[in-house]
Amino acid sequence: MHEQKTALVTGASKGIGAAIALVLARDGYDIWLNYRSDHTAAAAVGKQIEELGRSCRLMCFDVADPTAVKEVLTPLLEQEYPSVLVNNAGFAKDTLMVWMGESEWKDVLSVHLDGFFYVTKLLLVGMLKKRAGRIIHIASTSGQSGMPGQVNYSAAKAGLIGATKALAAETSKRNVLVNTVSPGFIETEMIDGLPIERILPMIPMGRIGKPAEVAEAVAFLCSDKASYITGQILSVNGGAYM
Ligand code: NAP
């Protein structure tokens, strides 16, 4: 019998994560939908997933809090193991290095790197045992090119890229494939308030990307079509960094 597939997407109450959850549901995955605070938005995405005929389990926890991550995931993992994990949860706290406080540095590193570590570590064991898994990290052009005002965010995203390659090297023999999707400027709450007229000239395609355009790249990397791809960085940035 065909085994039902499950995907855990972190930070999926809105933006890129919500688009990823919806595209994976379309592709037949039941969704474990993590978010941090916006219950209403998460419930709305959950409803859309159910309308696609898939189940959605809402999971409110801070990926950077190891106790919360374990409390929610450990009992569930005794019954079921997702075969896909998308580490998407994140935020930026932009300021020039000379003004950057310790909390801006630590919070941004923590949500991306500690969050990756705590969630991935719990799911990895089951993937390795089953010899099947896809882990996708959402990085950023900022982690590839560096971006002024984002020393913390660039460091965090570059860290994820390094972790992608090291983990891929550790797990590929067991058919657990690890890749990163690296978006450029994408239309979400995260870029609200940025000066779009100053950003557009940096993008050869001359427009901001859509969450669904990032989600389709993730869906490809989770599909059977990507069965020989691991340790790679797939940029979805309209040519902003080549
Ligand atoms: P967004 O619209 O602000 O959504 C962020 C999501 O992450 C929300 O669901 C939020 O949950 C969740 N989240 C934040 N902190 C969390 C935490 N500690 N634990 C669990 N969930 C948390 O942002 P987005 O633009 O979609 O960004 C998604 C990812 O893409 C991020 O990693 C970001 O760095 C990356 N990215 C974005 C862009 C861009 O231009 N938008 C470009 C490159 C990379 P609640 O709202 O429920 O609290």
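Annotations
- Any hit, region 32-42, residues being surrounded by fewer than 20 Cβ atoms within 10 Å (Cβ to Cβ), modelled with pLDDT under 95 and either more than 14 Å from the ligand (Cβ to nearest atom) or not in a loop (DSSP other than H, G, I, E, B) (or both): no
- Within region 68-122, tally of residues that are free of Cβ contacts under 8 Å to residues at least 12 places away in the same chain, more than 26 Å from residue 166 (Cβ to Cβ) and in a helix (DSSP H, G or I): 6
- Criterion: in contact with a Phe, Trp or Tyr (Cβ under 9 Å, 6 or more places away or on another chain) and modelled with pLDDT of 95 or more - qualifying residue of 194, 221, 177: 177
Per-residue answers, yes or no, for (1) within 12 Å of the ligand (Cβ to nearest atom); (2) crowded, with 17+ Cβ neighbours inside 10 Å:
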| residue | (1), (2) |
| --- | --- |
| 70 | no, no |
| 76 | no, no |
| 79 | no, no |
| 86 | yes, yes |
| 102 | no, no |
| 112 | yes, yes |
| 129 | no, no |
| 134 | no, yes |
| 150 | yes, yes |
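- Scanning region 1-20 for residues that are closer than 21 Å to residue 77 by Cα, hydrophobic (A, V, I, L, M, F, W, C) and more than 10 Å from the ligand (Cβ to nearest atom) yields a count of 2.
- Selection within region 176-201 - in a loop (DSSP other than H, G, I, E, B) and either without any contact (Cβ under 8 Å) to a residue 12 or more places away in the chain or of a type in the set (S, T, N, Q) (or both): 188, 192, 193, 194, 195
- Residues in region 114-127 that are more than 13 Å from the ligand (Cβ to nearest atom) and among the small types (Gly, Ala, Ser): 126 only.
- When 11, 17 are checked against the criterion of being within 20 Å of residue 122 (Cβ to Cβ), in contact (Cβ under 8 Å) with a residue 12 or more places away in the chain, under 17 Å from the mean Cα position of the chain (by Cα) and not in a loop (DSSP other than H, G, I, E, B), a single residue qualifies: 17.
- Residue 186 vs. criteria away from the ligand (no atom under 12 Å from the Cβ), of a type in the set (A, V, I, L, M) and either in contact with a strand residue (DSSP E or B) (Cβ under 8 Å, 6 or more places away or on another chain) or at pLDDT 95 or above (or both): no
The values are calculated or read from the model by the stated rules, or taken from the named source; none is laboratory data. The structure displayed is predicted, hence computed values, not measured ones. For neighbour counting, all protein chains shown are included, and Cβ atoms are generated from backbone atoms with ideal geometry for every residue, glycine included.
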